[in-house]
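**Q** Mind having a look at this structure? Questions to follow.
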Amino acid sequence: MGSGKYLKCAIKKYGRNNFKCELLEYCESLEDLNDREIYYIKENKSQNKDIGYNIANGGNQISVTASIAEKISKKQKQNFNDPIKGKELRLMLSKANKGKKLSEEHIRKLKDINKNRVRTKEERDKKSKSLKGHKPFWGDEMPEDIRKKIGNSSAGRHWYNNGFCEKFCKECPDGFRKGRLAPSEDTKQKISNSNKGRIFSEETRQKISKSKLGKSNPQYGKPGTNKGKIKIYNFEKNYAKYIYPEDLDFYIRLGFRKK
């Protein structure tokens, strides 16, 4: 019993004359058919390699043994890591999924799965290793059409904040004003910890320095970070920030106060 690769290989090896197709019983519905398929596979132990050629439980149930699942996973990884096959597979997947929209339930499930998820160091190292050498357009310039799409998707959009959260959109939402939030003390500490003990090569330091020269520097032509600003507090949220005096009324409405 069975179908697919294993059965075809067996027919090729032993000859078609050593196999026969036999009707076991009639079923009145697809549900009955699935149930009877599961029954016969289990009854005849056809998932046993020494007896049959089934690898799944039947009845449209996707269930394979651990060894087969490992082989499939290994083969897929080899294909994706191959410079030529990997590129073709990613292109095929991209075309197959283009225009597809996830249902609200699917999106909610993904959010629930990833909510408060903390990746272990082993997971982070594994992810980092898998991405090395496989970044988009690795070694090539970004195609002009993709560059234009990215530019058009951000055209006319700006960052707005209400003192606690920020949004990137075309129109200013109610209660928001233009500009981004300064990173919180917790975020600053996390960035500091992640870079602690990190040593950059001379080449990397030169690239960073060059990228921030002249107009490329975010502070180009601007006064000092807090020059001319006043410090305000939100004691309920235990949060403080520097603002320009003319913005004080806006932040007072949000619950901030001068000390």
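Bear in mind these aren't lab numbers, they're just calculated from the coordinates by the rules spelled out. Computed from a predicted model, the values in this text were never measured in an experiment. Positions of Cβ are backbone-derived with ideal geometry, glycine not excepted, and every protein chain shown enters the neighbour counts.
**Q** For region 153-259, with the dipole built from +1 on Lys and Arg beta-carbon atoms and -1 on Asp and Glu ones, taken about the Cα centre, which of Asn238, Asn217, Gln206 lies farthest toward the positive end?
**A** So the residue furthest toward the plus end is Gln206.
**Q** Just one of [x] 19.3, 58; [y] 21.9, 74; [z] 30.1, 93 is Rg and Dmax of the Cα atoms in Å calculated from these coordinates, so which is it?
**A** Recomputing Rg and Dmax of the Cα atoms in Å here gives the entry labelled [z].
**Q** Please get the size of the charge dipole for the chain, origin at its Cα centre, with Cβ charges of +1 on Lys and Arg and -1 on Asp and Glu, quoted in debye to the nearest 20.
**A** My answer is approximately 1720 debye.
**Q** Given a cut-off of 30 Å, name the pairs among Lys127/Lys170; Lys77/Lys98; Lys126/Lys237; Lys126/Lys207; Lys111/Lys229; Lys75/Lys129 whose C-alpha atoms lie farther apart than that in the structure shown.
**A** Exceeds cut-off: Lys127/Lys170; Lys126/Lys237; Lys111/Lys229.
**Q** Working from the pairwise distances between different alpha carbons, so that the mean of 1/r is found and then inverted, what is region 155-196's Kirkwood radius in Å?
**A** After inverting the pairwise mean of 1/r, the radius is 11.6 Å.
**Q** Here's another thing I want to ask about it. About its Cα centre, how strong a charge dipole does region 155-196 have in debye, to the nearest 20, once Lys and Arg get +1 and Asp and Glu get -1 at the Cβ?
**A** The calculation lands at about 180 debye.
**Q** Would you mind checking which residues have amide H under 5 Å from Asn57's amide H? H placed 1.01 Å from N; only 5 or more apart, or other chain.
**A** Ser63
**Q** At a threshold of 8 angstrom on Cα-Cα distance, excluding pairs fewer than six apart, so keeping six or more, what relative contact order does the chain reach in percent?
**A** 7 percent
**Q** Okay, moving on. In which sequence would Ser194, Ser46 go, from the one with the fewest C-beta neighbours within 10 Å to the one with the most?
**A** Final ranking by Cβ density, sparse to dense: Ser194, Ser46.
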